[in-house]
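Remarks on the structure that follows.
We did not get these values from a lab; they are worked out from the coordinates using the rules stated. It should be emphasised that the depicted structure is a prediction, and the values quoted were computed from it without experimental measurement. A quick note on method: Cβ atoms are made from the backbone with ideal geometry, for glycine too, and the neighbour counts reach across all protein chains shown.
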Amino acid sequence: MEKILVLDFGGQYNQLIARRVRELHVYAEIRPYHKLTPAELKQAGYKGIIFTGGPNSVYDPASPHFDPAVLELGIPILGICYGDQLMAYMAGGEVCSAGQFGEYGRTRLTVAEHPLFEGVPTESICWMSHMDYISTPPAGFTTIAHTEHCPCAAMCDDGRRLYGVQFHPEVTHTEYGTQMLRNFLFPICGCTGDWRVEDWVERSIASLRTKLAGKSVLLALSGGVDSSVAAMLLHHAVGERLTCVFVDHGLLRKGEAELVEQTFRGRFGEKLICVDARERFLTKLAGVVEPERKRKIIGEEFIRVFEAEAKRLGKTDVLAQGTIYPDVIESGKGDSAVIKSHHNVGGLPDVIAFDELVEPLRDLFKDEVRRAGETLGLPHEMVWRQPFPGPGLAVRILGAITEERLHLLREADAIFREEIAAAALPTAPSQYFAVLTDARSVGVMGDARTYGCTVALRAVDTDDFMTAAWSRLPYAVLDRASSRITNEVPGISRVVYDISSKPPATVEWE
Ligand code: XMP
């Protein structure tokens, strides 16, 4: 299979670059710059290399550099932003501080005729974010684009197949960014576009079948997309030797435990173990109001329950997890630096006896995991479900968690989800849910005074959940959700809509 290397110099859009390349059906992998030498890189047989952006200036002694021998390997290279400047610096060009002429955001770009810009109009909008710029391109390079303040917005050395762009073709604000990436991948690198998730599914089942021959496999099934897809994949590979344990901690949304059981019972039969641990979790959580304490209790208790099941089942050869590519990159489990520690219900490998850990989805991005799920025949509502935090509704109830308060939240949340579904919005928010606040307020119903709970509705739009904008939902949707909640859920007398973005707020309230 053809591969593109995304050589990571610490830029914020690195995952996006790899995703864009894969969307064009070429497999891309991200590797940190300090983990590879030009010789290893040549050996790996990449069809092309993309140098990513980065937060540094090339003249900063602490800035990431790379062996200039890479420029002589005959492999096409595209440098983006810092990667562009680094290429210029490595090849003997000059990079300067742009001072007050640094460019940020949408910028008008003028391009020359060049294969990299095939199908791109002379004038278009690109996305810039730089403090330095290339003042003199290296010998052998030609300037092929400029902006008002950036004399060399793109450069090329066609003989050596080296290209650099100061702007970010991977972000959607660059109008013809995808076209430029396409031009780099196909005519320039000579890729054919052989990356298909459907093929990956087949290959992966075949290789898991060999790798796990005769072994018993245990998977904690949360009902989320990742563990569900991992379960289906493993089931195809090892059949009856896969056991899935689903722990119902009582903090799930309305209908969720039933959906998981319905989806998998028919397929896995007795190999699906549903543990009803609702009482156990509620007892542990009684009277706990502090968010971090709730998270800790749930994480620990989850492990205890899972561990007890694993013990009951006897020794397992292999423990499987639904880790996906962004988890590998973000939690530093792979080779790159820790960006944020992954806050899933974790820690299983430390406490359970097993010989081997398999993470069959560790090379896939979320959208690819979803496509794999569809290929494997998982129901649409399971594959396209929004993320749901491991600690569940516990972090959406401010204050103490009781069966009664869980009931109020479940009902309000279900109504909000139904109304969003009924509205059939052109694009649904990335995540949307209800929060039961600890505020009570006075209301009136019929002629009587009420003193009920306040529910907050939350909906956000985001690509990566590290930043998020509050969703501009149509008033009609909010109106219907609000009146249905106050009419249909006794005990809730007020509904508010959360209009905070992240940062400074987070997506969840706790
Ligand atoms: P925050 O609230 O950190 O949420 O802005 C970002 C995304 O992460 C989810 N989230 C969690 N997921 N365990 C999880 O598995 C957790 O403890 C947790 N906390 C937040 C949240 O739902 C959102 O999608």
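Quick look at the numbers
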item: Helix-derived mean residue ellipticity, 222 nm - over the chain, DSSP H n ≥ 4, -39500 (n - 2.57), to 500; result: -9500 deg cm²/dmol
item: Euclidean distance between Cα centres, region 389-415 to region 434-510, Å; result: 13
item: Interchain or long-range residues, amide H under 5 Å from Met131's placed H; result: none
item: Extension reserve of the His114-Thr178 stretch, reckoned as 0.36 nm per residue once the Cα distance is removed; result: 21.5 nm
item: Stretchable slack from Arg449 to Glu404, in nm (0.36 nm times residue separation minus alpha-carbon distance); result: 14.1 nm
item: In Hz, Karplus ³J(HN,Hα) per residue of region 495-510 (6.51, -1.76, 1.60; θ = phi - 60°; x = Gly, Pro); result: 10, 10, 10, 7, 10, 9, 9, 10, x, x, 7, 9, 5, 6, 7, 10
item: Least to most buried among Asp132, Asp248 (fewest other Cβ within 10 Å first); result: Asp248, Asp132
item: Of all DSSP beta bridges in the chain, antiparallel share, percent nearest 5; result: 50
item: Length gained when the stretch Glu198-Arg293 is fully extended (0.36 nm per residue, less Cα-Cα span); result: 30.0 nm
item: Reachable lysines from Lys294, criterion Cα separation under 18 angstrom, eight or more residues apart if same chain; result: Lys284
item: Residue exposure sequence - Trp200, Trp384 - by fewest surrounding Cβ within 10 Å; result: Trp384, Trp200
item: Spatial separation of Cα centroids for region 33-57 and region 150-219, in angstrom; result: 14
item: For region 3-188: rounded, prolate or oblate by the Cα gyration tensor [a/c cutoff 1.5]; result: rounded
item: Length-normalised contact order of region 3-188 in % [C-alpha pairs under 8 Å, at least 6 apart]; result: 21
item: Inter-part distance where region 272-287 and region 86-116 are each reduced to a Cα centre, Å; result: 57
item: Sequence of Leu393, Leu73, Leu109, Leu208 once ranked by neighbouring C-beta atoms within 10 Å, starting from the fewest; result: Leu73, Leu208, Leu393, Leu109
item: Nearby aspartates and glutamates by direct alpha-carbon distance to Lys502 (threshold 15 angstrom, same-chain neighbours under 8 apart not counted); result: Asp461, Asp463, Asp464, Glu510
item: Ranked packing of 475-485, 234-244, most packed first, by mean Cβ within 10 Å; result: 234-244, 475-485
item: Among the listed pairs Lys271/Lys311; Lys271/Lys315; Lys47/Lys366, those beyond 21 Å (Cα-Cα); result: Lys47/Lys366
item: For region 396-497: relative contact order, % (alpha-carbon pairs under 8 angstrom, 6 or more apart); result: 29
item: Pair Ala62, Asp276: separation of 7 Å Cα→Cβ label points (nm); result: 5.7
item: Residues listed by number, region 448-464, amide nitrogen under 17 Å from Val496 label point at 7 Å toward C-beta; result: 451-459
item: For the chain: relative contact order, % (alpha-carbon pairs under 8 angstrom, 6 or more apart); result: 10
item: At R0 = 35 Å, FRET efficiency that the Cβ-Cβ distance of Glu488 and Ala428 yields, to 0.05; result: 0.95
item: Reachable aspartates and glutamates from Lys215, criterion Cα separation under 13 angstrom, eight or more residues apart if same chain; result: Glu240, Asp317, Asp355, Glu356
